[in-house]
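As structure tokens, the structure follows; a few thoughts come after it.
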Amino acid sequence: MVLTYRYRIKDATTGRHLRRQAREVNRVWNYCGEIHNAARRHNKRRPSGFDLVNLTSGSSKLLGLHSDTVQAVCKQFAISRDACGKRPRWRGRKSLGWIPFQAPRAIRWQGDTVIFLGQRYRLWLSRPIEGKILCGGFGEDSRGRWYLNLQVEVPEDRGHGAGEVGIDLGLKSLVTLSTGQKIEAPRIYRKHERALGIAQRAGRKPRVRAIHAKIANCRKHFLHELSTRLVRENRRICVGNVNSCGLARTRLGKSVLDAGWSQLRSQLHYKAMRHGGEYIEVDERFSTQVCSACGVRGGPQGREGLVVREWSCGGCGVRHDRDINSAINLLVSGRNVGLRQTEIPSLEGGEDVNASPRAS
Ligand SMILES: [Zn+2]
């Protein structure tokens, strides 16, 4: 499978080279946009990536870019345009720097140094590159730091664990496992909120950007550790398909975005794939309402029901912790998908859940 590795370039070696090249990349990009507009004005078919490459051929020397970069920009322009169905935005001074290249032959390695267009860039080689480099690019973040991004074809390994787990995503405890374990949300945003407010009121934009970047990094680090652990321990991972976009517009918005559900899910997905495990997203509409022991629907409902943390089942009288019960239900319906017993995992019938998950 293909992963993207990201290496920070040491500031001392970036110089002005990357920034200058990024400006020229913007120029190529905007030229593609103008060609697109002109084709539309004259009712001609929209230029393909191949057309754009032909039109820009020979310009790389003049622009001071690698010829591979010019081609990559043209092709990416065509891909982005076809994906959104219209001309992508112009790239200007506010766009973050971006210098793509398609083939690994554009760069040369020398220890922890990469040579691109005759210029040496030293990296923090935070991890060794194992596998074949497919393509890559230089990218800038909002703080003006540069990174080398590499698409690497990595070999799959079968290093997954033996267990199975259902995961209920929540706000108070970020993750509740069907084993009964709860992992608290780190609430990183709330921790930095005060400092952020002070910096914003003082109008110190670099400081604001730095705090935002710190929050994002802390969250990413925490989620990576968590997802790696879960994939190491489990062969099958079942997660509910909570719609975080919908919830983000409610009063819970800040907490929802701070939790990073979708980030965690995508990490679990690709890590499980890489290690030969199984990642299943389950329809979680009824997971909190159905009793995981007998299958009767009687649990708390809707957003008002969120305050109910514990409830007793009307059918069998078992006392449930809301989140753990939900996680067990997710595991059960995820298992059904795994066994191909049902096409659509759903607890709608309520009575279907007769297999007790604790039995196996
Ligand atoms: Zn029950």
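The values are calculated or read from the model by the stated rules, or taken from the named source; none is laboratory data. Bear in mind the structure is a predicted one, so any value in this text is a computation, not a measurement. A quick note on method: Cβ atoms are made from the backbone with ideal geometry, for glycine too, and the neighbour counts reach across all protein chains shown.
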**Filtered residue count, segment 1-30, keeping only those that are surrounded by fewer than 19 Cβ atoms within 10 Å (Cβ to Cβ) and in contact with a helix residue (DSSP H, G or I) (Cβ under 8 Å, 6 or more places away or on another chain)** = 3
**Request:** For segment 202-214, indicate whether the set of residues that are in contact with a Ser or Thr (Cβ under 8 Å, 6 or more places away or on another chain), within 23 Å of Ile237 (Cβ to Cβ) and not hydrophobic (A, V, I, L, M, F, W, C) is non-empty.
**Result:** no
**Item:** Complete set of residues in segment 43-79 that are within 17 Å of Gly97 (Cβ to Cβ) and either out of contact with any strand residue (DSSP E or B) (no Cβ under 9 Å at 6 or more places or on another chain) or polar (S, T, N, Q) (or both)
**Value:** Leu63, Gly64, Thr69, Val70, Gln76, Phe77
**Request:** Starting from segment 184-202, take each residue that is in contact (Cβ under 8 Å) with a residue 24 or more places away in the chain and within 13 Å of Ala216 (Cβ to Cβ) and list its partners that are charged (D, E, K, R) and part of a helix (DSSP H, G or I), counting only C-beta distances under 9 angstrom and pairs at least six apart or across chains.
**Result:** Pro186/Arg219; Pro186/Asp258; Ile188/Lys214; Ile188/Arg219; Ile188/Asp258; Tyr189/Arg219; Tyr189/Lys254; Tyr189/Asp258
**Message:** Any residue that is outside any loop (DSSP other than H, G, I, E, B) and within 20 Å of Gln21 (Cα to Cα) - is there at least one of those in segment 84-98?
**Reply:** yes
**Request:** Give segment 17-46 a look and list any residue that's of a type in the set (S, T, N, Q) and either within 30 Å of Arg122 (Cβ to Cβ) or not in a helix (DSSP H, G or I) (or both), or say none.
**Result:** Gln21, Asn26, Asn43
**Filter result (surrounded by fewer than 20 Cβ atoms within 10 Å (Cβ to Cβ), β-branched (Val, Ile, Thr) and under 19 Å from Glu140 (Cα atoms)) within segment 66-111** = Ile107
**Asked** Can you spot a residue in segment 302-319 that is of a type in the set (S, T, N, Q), exposed (fewer than 14 other Cβ atoms within 10 Å of the Cβ) and within 16 Å of the ligand (Cβ to nearest atom)?
**Response** yes
**Prompt:** Does segment 199-215 contain any residue that is hydrophobic (A, V, I, L, M, F, W, C), exposed (fewer than 13 other Cβ atoms within 10 Å of the Cβ) and over 26 Å from Arg309 (Cβ atoms)?
**Reply:** yes
**Asked** Which condition number does Arg143 fail, the rest of (1) crowded, with 16+ Cβ neighbours inside 10 Å; (2) within 21 Å of the chain's Cα centre (by Cα); (3) not hydrophobic (A, V, I, L, M, F, W, C) being met?
**Response** (1)
**Prompt:** Can you tell me which residue in segment 280-299 is modelled with the lowest pLDDT, limited to those that are away from the ligand (no atom under 14 Å from the Cβ) and surrounded by fewer than 19 Cβ atoms within 10 Å (Cβ to Cβ)?
**Reply:** Arg285
